[in-house]
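Peer 1: My questions will all concern the structure given below.
The values are calculated or read from the model by the stated rules, or taken from the named source; none is laboratory data. Fair warning: this is a prediction, and the values are worked out from it, not measured in the lab. Counting neighbours? That spans all protein chains shown, and the Cβs are built from the backbone with ideal geometry, glycine included. SASA here: full protein model, heavy atoms, side chains in, ligands and nucleic acids out. Shrake-Rupley method; radii C 1.70, N 1.55, O 1.52, S 1.80 Å.
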Protein chains: 2
Amino acid sequence: MTSVSEPRPAPDGALPAAGQPKPAPTGSRDLTALFAPRSVAIVGASDDTSKYGNWIAVHALRGDRPVHLVNRSRSSVLGRPAVPSLREIGEPVDLAVIAVPAAGFEAAVDDALAVGVRAIVGISGGLGEAGEDGRRRQARIASRVRAAGACLLGPNCLGVLDHTSGLDLTSNDFPRGTVALLSQSGNIAIELASLVVDDGVGFSRFASLGNQADLDIADLIDACVEHDGTRAIAVYCEDFHDGRRFAAAALRAYRAGKPVALLAVGRGAASARGARSHTGAMVTPAVVVDAACEAGGVEQVRTPTELAHLLQALLRVKPPRGGRVAVLADGGGQASVASDCLEHAGLRVDEFSPHLAAEVAAELPPTASVGNPVDVAGGGEQDITCFSRVTRRLVDSDEIDTVLMTGYFGGYVGYSAELGAGEFLAAHQIAKLARTHEKAVVVQTMNWRTAAADALREGGVPVYRSVEDAVWVIDRLTRRGQSTPPGLPELPPTAEPVYETGYWPARRLLTEAGLPFVPAVEVRTLEELRTAAAGLRFPLVLKALGDEHKSDRGGVVLGIRDLAALEAAWQEAQARLAPPSCSVEELADLSDAVELIVGVRRDPRFGPVVLVGLGGVHTELLRDTGCALGPVDRAAARRLLLSLRGSRLLTGFRGRPPVDLDAVADLVSRLSRLAAAHPEIAEVECNPVAASPDSVLCLDARVVLDS
Amino acid sequence: MTSVSEPRPAPDGALPAAGQPKPAPTGSRDLTALFAPRSVAIVGASDDTSKYGNWIAVHALRGDRPVHLVNRSRSSVLGRPAVPSLREIGEPVDLAVIAVPAAGFEAAVDDALAVGVRAIVGISGGLGEAGEDGRRRQARIASRVRAAGACLLGPNCLGVLDHTSGLDLTSNDFPRGTVALLSQSGNIAIELASLVVDDGVGFSRFASLGNQADLDIADLIDACVEHDGTRAIAVYCEDFHDGRRFAAAALRAYRAGKPVALLAVGRGAASARGARSHTGAMVTPAVVVDAACEAGGVEQVRTPTELAHLLQALLRVKPPRGGRVAVLADGGGQASVASDCLEHAGLRVDEFSPHLAAEVAAELPPTASVGNPVDVAGGGEQDITCFSRVTRRLVDSDEIDTVLMTGYFGGYVGYSAELGAGEFLAAHQIAKLARTHEKAVVVQTMNWRTAAADALREGGVPVYRSVEDAVWVIDRLTRRGQSTPPGLPELPPTAEPVYETGYWPARRLLTEAGLPFVPAVEVRTLEELRTAAAGLRFPLVLKALGDEHKSDRGGVVLGIRDLAALEAAWQEAQARLAPPSCSVEELADLSDAVELIVGVRRDPRFGPVVLVGLGGVHTELLRDTGCALGPVDRAAARRLLLSLRGSRLLTGFRGRPPVDLDAVADLVSRLSRLAAAHPEIAEVECNPVAASPDSVLCLDARVVLDS
């Protein structure tokens, strides 16, 4: 018996929280009054069953704590006495829900603060999301709440729930479990709740974000990091408020062993339109959210179903360290379909070593396939324990990181009660093997609603109905297990702002920051042109300046071989374009060069974001770019460059020499630090950057100031 | 009332079959005795509940037709009289199921043919899948069956079912409906059956393919094309037997308005291993299956769940002609998630015209978003008919091809019985709108198991639980609606075989077929080299021949500027490589050229398959290749080239001139016809082919003969 120290899952099959020490709260706010108030008041409590004030009061009254109902005009609500105002309660109130029309919101908040309320849940709509006036009013109210040492959830939110404190101030039912759900959409929360029930997953807490006038997504994540009943955090967010704080809070959650899974919208043009009209939220470009999630160790999903699938996996499985998967199927078709899906996702379904194949074969009838995928080929009907016996061989093997069991398991009970009893026992054994070994075990079965499937879930094994979903979570878990979030970069002190844009001011700024450019001279007259040419090496390039799109037709003449040709190009440019000035530059030898784009954009939510991409033909054909929160040091810049799909062009490809990656990384890092120190720079871009085996050169530069 | 001519769906919500005339049967076999026999015998019928002979007999006895049980040693089975052999029945038998050990299979078949059986279902395993001996025995049996004018399903199959004739000779339950299921895996069939039940979809027929010793997938598709009760055909196949016949049968199904959906395995190395060990089937490379599906109008899926999702859509929705989708959501979050998924899939969620937006706004409360996505924003609770009213506006508009309704619909019944009744009515109205308009309507709802959701399904609207699944089917339907299968190419008469490979024989063969090469001469001596040089234009290339990998280090010298350098290169090659001969060639000017790979491979199942791809750096970076069943004419070759993701490199890109696409297409077509006429050529490849604005040239050629 070794079961004394065996880890045991929580009631919803969640793993015990990681044993790491909790991070210091770093100024996180005390939200005890929000999630575990001693007493509650509902302002706007109502008998009208079409109103939030009714729904929330009904839910609130199910709990054990004192609930005071406030209704301006009725002395009784829901068969209980009601008072006309918070000030009439006469007892201490920790938390006030305010569900009155927008016009009465501010007064109700003032009443709440006056009677010493410590947490306010603002249901009322029509404030921040309803235009500039509402936004100002909302900001004023929020600062009053903060000044009073209280906190405000919402307004325009749908309530709050904490199953661990028995608090339910929402309008819907959320199953009990270990996931904290923080959502800016009520229907998304309801949909997620309807999905996770099938998986035996539930919620520790639910908080509706609303307009985030005071408490924002970062505050709420921080509160859940410190909450013992929470093992994972699910977020639906349209507006990240202070994006860097969001990423920092997520990183604290990561380090506390509480995964954050995020459903964000706004990737496409239509959803950005939709989100703006819906809550007045500001939608952040997807690549920036991607960069923040990378920094904070956040898992992103696209839909509520993906969120449900991922939560089940994150709660129950320790992310594997490698991508080697063993397939254990009870059907050749299922074995093949699963293997195809795994390999398509980039996971490995390597043939077993002869040793492991022999071990597996020892547990199965001779008709079975044992090489990986394993097909028990009727072995289940003969002896149902073959599933747990083979699983033991697989989790014991150091050839395997993850076991995917796929097919019919859970349905053998249909053959006979005896087979069913064995199956139930095998499910328990498989779950125990998954818990006691450092191996991920994931199950897909068409018989997903059976006692054996439930036993797997309760024992801590995620169970999926569709094999593509099981493969998808294995892929996600494997990626998670193989990487560590790089952490959040510090912003440097702000530098003296720049005011000029244009090519030469940009070039000077970047040159001072240490970025390498080709030798060049700015010229305004024919004399200056001749002087410049004497100091440069032919062939030369002549750029007519004064236009932001300098590569436009006729603005740039390449490969000028001698002074006569240079003067001719100059005269032609003067006659046709009359530029205020020109730039004469040496022509870089690009024969061994790879063209890159390097830029930094300042996002209003997330600050400076660094972008690198392959240039030239590849920009459009491959659409191959990488993003990171800036600034990046050289190591982070290097990782970013190597994350490009076409990074082989940089590291040597089909006999080409590798480019000087350190020099490119240095350039990226310098540009990112420069931009981070200049909040007034909305965008800075070097395009192209020519990276060669022994040099890196910016061939053009552009700065756009914040308007 | 316009309902007289309104199309009405079948009981499972399937569209009426298309009105096109049925194609001529083109020699398809009469399988009446297999799918609608007058009488049935089960050889190997058993009381042992662990045996197929038991399961199938139990199912068979549920029907109305005469069933004879045959058991060698027992006079009674399942409480009915049994006879020891088919010859003892004494009545005519149309169909015999043979479920005896392999050793007795041949004798049972002989008995069956002797008593005039017209269809045999071979359950017995241990024949073709068990090695060379079994394959030979199986082939012998099959030819005896055919000679007798009968047909054989299997052996190693799991039975046959036809709900329209009341025949059930299987071991599992299949819900009744309009899909014919042809499967080489029993568990995949069972899994699909468990999945489609939720969608209200079922089966007209099920046939287990087994080893396809006689009847193959093509025969069975043909039989289902002619079957009135079948509206769509689902196939799980590991071995395509005669691949061209499969594609041709699928094309007949397409033209008869009966979509074929295929789940094929073997894309990855592991599933190819698995499939081989499972049934002894030969797994065809995925690109070849892709090409056959393209030719035959077959929809491919990766998993049983995808198959279920697609079948529901193919049965109920006429594929739209365009990709413009309107999103109708009851929640801003759902609106955004759906829009993001649609745009990510390449579908369009364009902002409505002011006219349409005003029409939609007229049906909704002022808080609603009406620009696309539409968010009814509480409009459902206020007046549930807003869903059908907005749907009407959308399907009436010529701005929209598909309506995706997403969110909560189906769950309003939870608010009140009155709202529920209105919701049920709205569902009927939406389904009717979908039927009477030339618009696709697809629904996703978290309340997918409600009366309103069922009403949508029964009315012919596909309903999904997850928005990503709804978006996936919209994408598939849209692609289907926008393309027509090109049809199957005819194979040309066989030409005089070639025996030589090597560079020059290949070059001569291809030159005779009209493929353009750079001027070149094969030389063996220094004198020949000098003579050759005199007739060619410098710069030249010298290739040392005799090695299949001619671009290997040192085997090719490029850019030789004069005779002295040519002789030096020759001497160096002689000294280092001692090649039997060399090729002296003019150096092509590749400055404006795009490199391509063009090849034809002969697949044992599908015959000649043409492959084109971008060459050089792009081959590996983009992995951008296209495949088609060969031979291809110039138009098909052009389509194939333009189907490449990087086709913009060919058609002019970032200011480059377009290449001579007609000349490239001509080259591809000529190569494909040549290869198709030479069955002995396993592989022929021109790599690289240099395509320029005014020329196309093969720079290398390789032929591999069938070993």
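Peer 1: Using a basic spin-label model with each label point 7 Å from the Cα along Cα→Cβ, how many nm lie between A:ASP47 and B:TRP504?
Peer 2: 10.6 nm
Peer 1: Less than 12 Å from a label point 7 Å out along the Cα-to-Cβ axis of B:HIS344: which backbone N atoms in region A:304-333 qualify, by residue?
Peer 2: A:304-307
Peer 1: Could you calculate the FRET efficiency of A:ASP198 with A:ARG623 from 1/(1 + (r/R0)^6), where r is the beta carbon distance between them and R0 is 51 Å, rounded to 0.05?
Peer 2: 0.85
Peer 1: Can you check what the net charge comes to around B:ARG135, using other residues whose Cβ is under 13 Å from the Cβ of B:ARG135 (Lys, Arg +1; Asp, Glu -1)? Spell out each step's value before the answer.
Peer 2: Details: positive: B:ARG136, B:ARG137, B:ARG140; negative: B:GLU129, B:GLU132, B:ASP133, B:ASP239.
Residues near B:ARG135 contribute -1 overall.
Peer 1: Using a 10 Å cut-off on Cβ to Cβ distances, tally the other chain neighbours for every residue of B:514-523 and report the average as a whole number.
Peer 2: Values: counts 0, 0, 0, 0, 0, 0, 0, 0, 0, 0.
Across B:514-523, the average partner-chain Cβ count within 10 Å equals 0.
Peer 1: Note the distances from B:GLU528 to each other copy's matching label point, with points 7 Å along the Cα-to-beta-carbon direction, in nm, sorted shortest first.
Peer 2: Distances between equivalent label points, in nm: 6.6.
Peer 1: Rounded to the nearest 0.05, what FRET efficiency do B:ASP383 and A:ALA114 have when you use their Cβ-Cβ distance and R0 = 51 Å?
Peer 2: On the way: r = 41 Å, r/R0 = 0.80.
For B:ASP383 and A:ALA114, the calculated efficiency is 0.80.
Peer 1: Subtract the Cα-Cα distance of A:LEU425 and A:SER483 from 0.36 nm times their separation in residues, and report this length gain in nm to one decimal.
Peer 2: Working: separation 58, 0.36 × 58 = 20.88 nm, distance 3.57 nm.
Net length gain for the segment: 17.3 nm.
Peer 1: Report the paramagnetic label zone for A:ARG656: residues of region B:621-654 whose backbone N is under 14 Å from a point 7 Å from Cα along the Cα-to-Cβ axis.
Peer 2: Flagged as within label range: B:621-622.
Peer 1: Classify region B:294-400 as rounded, prolate or oblate from the Cα gyration tensor: take a ≥ b ≥ c as the square roots of its eigenvalues, call it rounded if a/c is under 1.5, otherwise prolate when a/b beats b/c and oblate if not.
Peer 2: Working: a/c = 2.16, a/b = 1.90, b/c = 1.14.
Note, shape of region B:294-400 comes out prolate.
Peer 1: Run through the other copies and list how far each one's label point is from that of B:PRO493, in nm with one decimal, shortest first; the point sits 7 Å from Cα along Cα-Cβ.
Peer 2: Copy-to-copy label distances for B:PRO493: 9.0 nm.
Peer 1: Would you mind putting B:290-299, A:100-109, B:600-609 in packing order, based on average other-beta-carbon counts within 10 Å, highest first?
Peer 2: B:290-299, B:600-609, A:100-109
Peer 1: For region B:380-433, what is the relative contact order in percent, using Cα pairs closer than 8 Å and at least 6 residues apart in sequence? Provide the component values of the computation, followed by the final result.
Peer 2: Details: 41 pairs, mean separation 24.0, N = 54.
Reported relative contact order: 44 percent.
Peer 1: Sticking with this structure for a sec: Which aspartates and glutamates does A:LYS318 reach when only Cα atoms under 14 Å apart count, and residues fewer than 8 places away in its own chain are ignored?
Peer 2: Straight-line reach from A:LYS318, under 14 Å: A:ASP401, A:GLU438, A:ASP475.
Peer 1: Turning to a different aspect of this structure: Relative contact order (percent) for chain A, with alpha-carbon contacts under 8 angstrom and 6 or more residues of separation? All intermediate terms of the calculation are to be shown ahead of the outcome.
Peer 2: Numbers: 1555 pairs, mean separation 66.4, N = 707.
The normalised contact order for chain A reaches 9 percent.
Peer 1: Another one. Could you pull out every residue, at least 5 positions away or on a different chain, whose amide H is within less than 5 Å of the one on A:VAL609? Hs are placed 1.01 Å off N in the peptide plane, and Pro or chain starts have none.
Peer 2: Here A:ARG601, A:ARG602, A:ASP603, A:GLY630 satisfy the definition.
Peer 1: Under unit Cβ charges (Lys, Arg +1; Asp, Glu -1), what dipole magnitude, rounded to 20 debye, does the protein assembly as shown have relative to its Cα centre?
Peer 2: I would put it at about 1300 debye.
Peer 1: Related question: What net charge is computed for the residues neighbouring B:VAL523, neighbours being all others with C-beta under 12 Å from the C-beta of B:VAL523, Lys and Arg scored +1, Asp and Glu -1? Don't jump to the answer; show the numbers that get you there.
Peer 2: Working: positive: B:ARG524, B:ARG530, B:LYS543; negative: B:GLU522, B:GLU527, B:GLU528, B:GLU567, B:GLU585.
Summing Lys and Arg as +1 and Asp and Glu as -1 gives -2.
Peer 1: Classify the protein assembly as shown as rounded, prolate or oblate, taking a ≥ b ≥ c as the square roots of the eigenvalues of its Cα gyration tensor: rounded when a/c is under 1.5, otherwise prolate if a/b is larger than b/c and oblate if not. Show your work: numbers first, answer last.
Peer 2: On the way: a/c = 1.81, a/b = 1.03, b/c = 1.76.
It comes out oblate by the Cα gyration axes.
Peer 1: By its C-alpha gyration tensor, with a ≥ b ≥ c as the square roots of the eigenvalues, how is chain A shaped: rounded for a/c under 1.5, else prolate for a/b larger than b/c, else oblate? Please list the in-between numbers first.
Peer 2: Working: a/c = 2.93, a/b = 1.27, b/c = 2.31.
It comes out oblate by the Cα gyration axes.
Peer 1: Per-residue mean of other chain beta-carbon atoms within 10 angstrom of the beta-carbon, peptide A:259-269? Walk me through the numbers before you get to the answer.
Peer 2: Numbers: counts 0, 0, 0, 0, 4, 3, 10, 3, 7, 12, 7.
Going residue by residue through A:259-269 and averaging, the value is 4.
Peer 1: Additional query: What does the copy distance list look like for B:ALA575, label position 7 Å along Cα→Cβ, in nm and ordered from shortest?
Peer 2: 5.7
Peer 1: Related question: Tell me the Rg and the Dmax, in Å, that the Cα atoms of region B:480-602 produce.
Peer 2: Reported Rg and Dmax, both Å: 18.5, 64.
Peer 1: Then there's this: Quote the FRET efficiency, to the nearest 0.05, computed for A:ASP562 versus B:ARG648 with a Förster distance R0 of 45 Å and r equal to the Cβ-Cβ distance. Walk me through the numbers before you get to the answer.
Peer 2: Numbers: r = 36 Å, r/R0 = 0.81.
Calculated value: 0.80.
Peer 1: Per residue, how much accessible surface does chain A expose to a 1.4 Å probe? Answer in Å², no decimals. Provide the component values of the computation, followed by the final result.
Peer 2: Numbers: 27600 Å² over 707 residues.
Using a 1.4 Å probe on heavy atoms only, each residue of chain A averages 39 Å².
Peer 1: A follow-up question, please. Give, rounded to the nearest 20 debye, the magnitude of the charge dipole that chain B has about its Cα centre when Lys and Arg contribute +1 at Cβ and Asp and Glu contribute -1 at Cβ. Spell out each step's value before the answer.
Peer 2: Numbers: 71 positive and 87 negative charges, 241 e Å.
Approximately 1160 debye in magnitude.
Peer 1: Separate question: Using alpha carbons only, how many angstrom separate the centre of region A:463-511 from the centre of region B:458-527?
Peer 2: Each part's Cα centre sits 40 Å from the other's.
Peer 1: Distance between Cα centroids, region B:358-434 to region A:208-258: provide it in whole Å.
Peer 2: 34 Å
Peer 1: Please identify the GluC sites (Glu not before Pro) of region B:504-602 that satisfy two criteria: DSSP loop assignment and at most 14 other Cβ atoms within 10 Å. Which are they?
Peer 2: Those satisfying the criteria are B:GLU548.
Peer 1: Any idea of A:SER669's accessible area? Nearest 10 Å², probe 1.4 Å.
Peer 2: It works out to around 0 Å².
Peer 1: What does the highest-first list of B:322-328, A:329-335, A:396-402 look like by mean Cβ count within 10 Å?
Peer 2: A:329-335, B:322-328, A:396-402
Peer 1: Here's another thing I want to ask about it. What's the average, rounded to a whole number, of partner chain beta-carbon atoms within 10 Å of each residue's beta-carbon in B:295-307? Spell out each step's value before the answer.
Peer 2: Details: counts 0, 0, 0, 0, 0, 0, 2, 7, 11, 8, 9, 4, 0.
That works out to 3 on average.
Peer 1: To continue, here is another question. As an exercise, find the ratio Rg/Rh for region A:313-463 from alpha-carbon atoms, using the Kirkwood inverse-distance average for Rh.
Peer 2: 0.93
Peer 1: Which residues' amide hydrogens lie under 5 Å from the amide hydrogen of A:ARG72, considering only partners 5 or more residues apart or on another chain, with H built in the peptide plane?
Peer 2: A:GLY44
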